[in-house]
Amino acid sequence: MRALRLNADQLSERVGELAELLADTVNGGASVGFLAPCERERAVAWWRERVAAVAAGQLAVWAALDGTGRTVGTVGLAFPYPGKPNSPHRAELVKLMVHREARGQGIGRGLLAVAEEAAAAAGITLLHLDTETDSPAEHLYRSAGWTRAGVIPDYALDPTGVLRPTTLYYKHVDAPAR
């Protein structure tokens, strides 16, 4: 796997592949904010809406590329808005997704490590995320050293429309000395 941090132009160029990945993830049962069936058009629109945030530096997105250069995974870091002066030390890990065909190859773990390292390099010392309780993602986060902060019941609808709890996690990362 090769992880590529996408600038706004690269994100625009890869919108189709990222939309395919998002649709595959949701239609495969993962809870990442969408209901199934997730149509390609809706996924394309969602990714296009992220381009401005990447251009503004409010969102960093990485694409995991297979040996052919195809996007098989992604992860993002959402940074606090500049108008939030009490939060420059933290970021949210968002939309860690791996295509069903590419799972079990360490891509998710690799993307997680890339995002954590990039956060530390950017001076971020605290990461947080939420994930569906009892989802396969929880094992990944726990085994990567993330700490469970708690569970919120009935937090979001899963892809089939059933209310499910979400688990909050956080992780301290070491920023380089300034």
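The values are calculated or read from the model by the stated rules, or taken from the named source; none is laboratory data. Quick caveat, the model's predicted, so the values are computed rather than measured. Cβ coordinates were reconstructed from backbone atoms using ideal geometry, including for glycine residues, and neighbour counts include every protein chain displayed.
Per-structure values
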{"item": "Selection from the stretch 40-82 of residues that are of a type outside the set (A, V, I, L, M, F, W, C) and in a loop (DSSP other than H, G, I, E, B)", "result": "G57, Q58, D66, G67, T68, G69, R70, P80, Y81, P82"}
{"item": "So E92, is it in a helix (DSSP H, G or I) and charged (D, E, K, R)", "result": "no"}
{"item": "The stretch 1-38 - residue that is small (G, A, S) and touching a residue at least 60 places away in the same chain (Cβ under 8 Å) and, of those, nearest to T160 (Cα to Cα)", "result": "A36"}
{"item": "Checklist (1) at pLDDT 95 or above; (2) more than 17 Å from the chain's Cα centre (by Cα); (3) closer than 19 Å to A115 by Cα applied to G69, failing item", "result": "(3)"}
{"item": "Boolean, E49 is out of contact with any Gly (no Cβ under 7 Å at 6 or more places or on another chain), surrounded by fewer than 18 Cβ atoms within 10 Å (Cβ to Cβ) and modelled with pLDDT of 95 or more", "result": "yes"}
{"item": "Residue count for the stretch 98-108, restricted to those that are part of a helix (DSSP H, G or I) and surrounded by fewer than 21 Cβ atoms within 10 Å (Cβ to Cβ)", "result": "3"}
{"item": "Test: residue in the stretch 12-28 that is modelled with pLDDT of 95 or more, more than 23 Å from A137 (Cα to Cα), assigned to a loop (DSSP other than H, G, I, E, B) and over 14 Å from the mean Cα position of the chain (by Cα)", "result": "yes"}
{"item": "Residues (in a loop (DSSP other than H, G, I, E, B) and modelled with pLDDT of 95 or more) located in the stretch 153-178", "result": "D158, P159, T160, G161, V162, V173"}
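Quick grid of which residues meet (1) outside any strand (DSSP E or B); (2) touching a strand residue (DSSP E or B) at 6+ places or on another chain (Cβ under 6 Å); (3) within 13 Å of L96 (Cα to Cα); (4) free of Cβ contacts under 8 Å to residues at least 40 places away in the same chain:
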{"site": "G110", "(1), (2), (3), (4)": "yes, no, yes, no"}
{"site": "V114", "(1), (2), (3), (4)": "yes, yes, yes, no"}
{"site": "A120", "(1), (2), (3), (4)": "yes, no, no, no"}
{"site": "I124", "(1), (2), (3), (4)": "yes, yes, no, no"}
{"site": "L129", "(1), (2), (3), (4)": "no, yes, yes, no"}
{"site": "A137", "(1), (2), (3), (4)": "yes, yes, yes, no"}
{"site": "Y141", "(1), (2), (3), (4)": "yes, yes, yes, yes"}
{"site": "V151", "(1), (2), (3), (4)": "no, yes, no, yes"}
